[in-house]
Structure formats: C-alpha cells, structure tokens
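The values are calculated or read from the model by the stated rules, or taken from the named source; none is laboratory data. Not measured: the values here are computed from a predicted model. Because the Cβ atoms are built from the backbone with ideal geometry, glycine has one as well, and the counts that use them run over all protein chains shown. Ligands, DNA and RNA are stripped out before the accessible areas are found, and what is left, the full protein with its side chains, is counted by its heavy atoms. Shrake-Rupley method; radii C 1.70, N 1.55, O 1.52, S 1.80 Å.
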Amino acid sequence: MPKADINKAGWEQSEFPILCETCLGDNPFVRMSKQEFGRACGTCARPFTVFRWNPGTGMRFKTTVICQTCAKIKNVCQTCLLDLVYGLPTQVRDTALGIESEAPTSEINREYYAQNMENKLEGAKSLLDVDKSSSAGKEMLKQLARTDPYYKRNRPHLCSFFAKGECNRGDACPYRHEMPVQNELSKQNIQDRYHGRNDPVAKKILSTHAANMGLQPPEDQSITSLFLTSLPANATEESIRTRVLKSLPAVQPSQLKSVVHVAKTRCAFVNWRDRATAELAAQAWANGLEIGGETVGIRWGRSKGASGAKPAPVAVQAS
C-alpha cells in the first residue's frame, strides 16, 4: 500500500489478480500487463492495480474491473464478478445460503467501508463463511454450480457497425458479426451483479431451478402463500416465523403477512403481502427449508376459490 504519499492512502497495489478459471483462459503461458492505479474500482471507487490479458486465441482482451478488497469481501472474480467456488452470480449464492449483503450500495461511506474491510482481510482470502449455512442451500448450489470453464464467455463483443450494416472490415474485424438479441439478459451492470440485486442472469437461474424442483409459480397471481409440510414436532408459529425471515435476509419483516401453524398435522401456511416476495421465497427454498434441524417440504398454496383445482404438487423433500 502506498503509505508514503498521504494522498494515496487506501489505494490498492497487488502483484496478481483474483480470477476464475474461465476469465484466466486456457492458455498456460498467458501474458499480462499491469498498471498501478489504472482505474477506479467499479464498486468502491478506489484506485487499484489493473491487469489486462488475452485469455486465448480468438478471444477478446480482458481486464479487472473491481479491486481485490471488494473481490475478497464477496469471494468473486475481479473480472466477471461470479463466485469463485460455484461460478454463479452472487444473488444466486446469497439467496441459497441466506447471506445478507452489508456493503453500502450508494456512494456514501463505500470507500470508508472498503478500507475497514481491508483491515479485516489481513491474511484472509475471504470473509464469506458458508459453514453455518443450511445443508439445503449448499445442496442447491451444488446442483447449480458450473464445474467446467465456460470459455465462450471470453468471445469478442458484437460489432455495432455490423448491426447497422456499416462494417466494411469483413473477416478482419476483431468483433463478432452477429445480430444482437434484445431480451431480459441484455441489461446487466456491475453494481447489480456485485451486490446481488435485480440481476437478470440470477433471476433466470433461480426461477428455472425452482420450476425444475416442482415450484413453478401458479398462473393465479393472487396466490401469495407457501405451504410447509413435515415440520418438526416442537415447531411453533414464532420459531417458523423467525426461521423464515432469517433465511430471507433480503426480505423486510413487514413483507411477511402471517404464519398459520397447524400443529396437529405439522404443517404451516406462510402468507406474503405480494407475489414477488412469495416467488423469491419459493426460489430460495427450492431444495427445502431447514427448521429445527429438519428439512421441511415446500409447495405453493391454492387460491380460495380453487375447489375444483388440480391437486397441489408434491412437496419438495431433501435429497
């Protein structure tokens, strides 16, 4: 750290970046350029050491976009901002493990927060502790994790001139000559990816996994309840409420409308105030919810007027 210059206190110096296998590329003899204080971190805005390299033949040059302190706080790659262990967006990991993001999302105090975290990270690889997380969340991440590198992510960007029909470089153009596809995945940014909020890639992964586990949201938008089965014999309404809110740190307690516990049949209804929160809970509990050391089954509730409705899907049990 450049402590000799008081104006550079808190700026970051490093010798090698924190990267995932995909961003590093398949070339074992990769060459990197290094520029101290080359740019401001995409999250905390502090100057840091920037690395730039080509991950392989036919790939685009890649560069680090956040500082190592921010990468260690979230245990993510400095370039793609995906989790280093599972290769997933932070929103997917944090939702499955019930981790709350403490990093400030606004410009206020973010540099101060990063400097404090840097002191805590002395000698540590990351502050992320997943040992205390539920086994259901860990199982969910194992099912979703990308085990092999996905080098297609390193391909060149699309040629904007080709999309306009104005590119005259032909095969010599370093960019891809493909027409852009506009969908929900087109709008991605560093802040949402890092802080795990409104990430379109994470939303698609979570919704697809929930549907595969039998928790496809019902068509009736008025249904905002989830049905919990096989509860522990000693479960109470208060213990269920506490565990539900603890497993969803991104949800405000006011969003939980009520918990109706039926002790005789060891089941409960968790009623939310809006459909979006109910879907978020279903995605987080796709592999079950641990209450009192036992994994309970989850399924969607029914509408009040669904007397002739089809039977509810079978509860999702722990594997």
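Across region 151-178, what is the total count of residues that are surrounded by fewer than 11 Cβ atoms within 10 Å (Cβ to Cβ) and farther than 26 Å from Q91 by Cα? Working first, answer last.
Taking region 151-178 and keeping what is surrounded by fewer than 11 Cβ atoms within 10 Å (Cβ to Cβ), we get 152, 157, 164-166, 168, 170-172.
Cutting the leftovers down to farther than 26 Å from Q91 by Cα gives us 164-166, 168, 170-172.
Adding up the residues that qualify gives 7.
Looking at V181, V201, which one is under 28 Å from the mean Cα position of the chain (by Cα), of a type in the set (V, I, T) and open to solvent by 70 Å² or more (accessible area, probe 1.4 Å)? Working first, answer last.
Working: V201 fails: open to solvent by 70 Å² or more (accessible area, probe 1.4 Å).
Answer to the check: V181.
Can you confirm whether region 281-290 contains a residue that is under 26 Å from the mean Cα position of the chain (by Cα), modelled with pLDDT under 90 and at positive phi?
Yes; the residues of region 281-290 include at least one that is under 26 Å from the mean Cα position of the chain (by Cα), modelled with pLDDT under 90 and at positive phi.
Might you let me know whether region 58-72 holds any residue that is aromatic (F, W, Y), closer than 30 Å to C173 by Cβ, modelled with pLDDT of 85 or more and buried (at least 16 other Cβ atoms within 10 Å of the Cβ)? Give the steps one after another, and end with the answer.
First, the residues of region 58-72 that are aromatic (F, W, Y): 61.
Adding the requirement that they be closer than 30 Å to C173 by Cβ leaves 61.
Right, trim to modelled with pLDDT of 85 or more and you get 61.
Narrowing further to those that are buried (at least 16 other Cβ atoms within 10 Å of the Cβ): none.
There is no residue in region 58-72 that is aromatic (F, W, Y), closer than 30 Å to C173 by Cβ, modelled with pLDDT of 85 or more and buried (at least 16 other Cβ atoms within 10 Å of the Cβ).
Can we say A282 is in a helix (DSSP H, G or I) and in contact (Cβ under 8 Å) with a residue 12 or more places away in the chain? Please lay out each step first, then the result.
Numbers: in a helix (DSSP H, G or I): yes; in contact (Cβ under 8 Å) with a residue 12 or more places away in the chain: yes.
Judged against the criteria, A282 is a match.
Within region 211-218, identify whether any single residue is farther than 18 Å from R275 by Cα and open to solvent by less than 100 Å² (accessible area, probe 1.4 Å), and answer yes or no.
Just the residues of region 211-218 that are farther than 18 Å from R275 by Cα, to begin with: 212-213.
Filter again for open to solvent by less than 100 Å² (accessible area, probe 1.4 Å), leaving 213.
Yes, that holds for at least one residue.
Taking region 73-93 as the search range and keeping residues that are part of a helix (DSSP H, G or I) and either modelled with pLDDT of 90 or more or of a type in the set (V, I, T) (or both), which one is farthest from Q143 (Cα to Cα)?
Start the filter on region 73-93 by keeping residues that are part of a helix (DSSP H, G or I), which leaves 73-74, 90-93.
Checking which are either modelled with pLDDT of 90 or more or of a type in the set (V, I, T) (or both) leaves us with 73, 90-93.
Details: I73: 24, T90: 16, Q91: 16, V92: 12, R93: 12 Å.
The residue in question is I73.
Taking the residues in region 180-225 that are touching a Phe, Trp or Tyr at 6+ places or on another chain (Cβ under 8 Å) and of a type in the set (S, T, Y) as candidates, determine which candidate is farthest from G42 (Cα to Cα).
If we take residues in region 180-225 being touching a Phe, Trp or Tyr at 6+ places or on another chain (Cβ under 8 Å) and of a type in the set (S, T, Y), then S225 is farthest from G42 (Cα to Cα).
Taking region 250-266 as the search range and keeping residues that are closer than 22 Å to M140 by Cβ and open to solvent by less than 40 Å² (accessible area, probe 1.4 Å), which one is farthest from the chain's Cα centre (by Cα)?
L256
Looking at D192, D171 in this structure, which one is farther than 16 Å from R153 by Cα and in contact with an Asp or Glu (Cβ under 8 Å, 6 or more places away or on another chain)? Break it down stepwise before answering.
On the way: D171 fails: in contact with an Asp or Glu (Cβ under 8 Å, 6 or more places away or on another chain).
One residue alone meets the criteria, D192.
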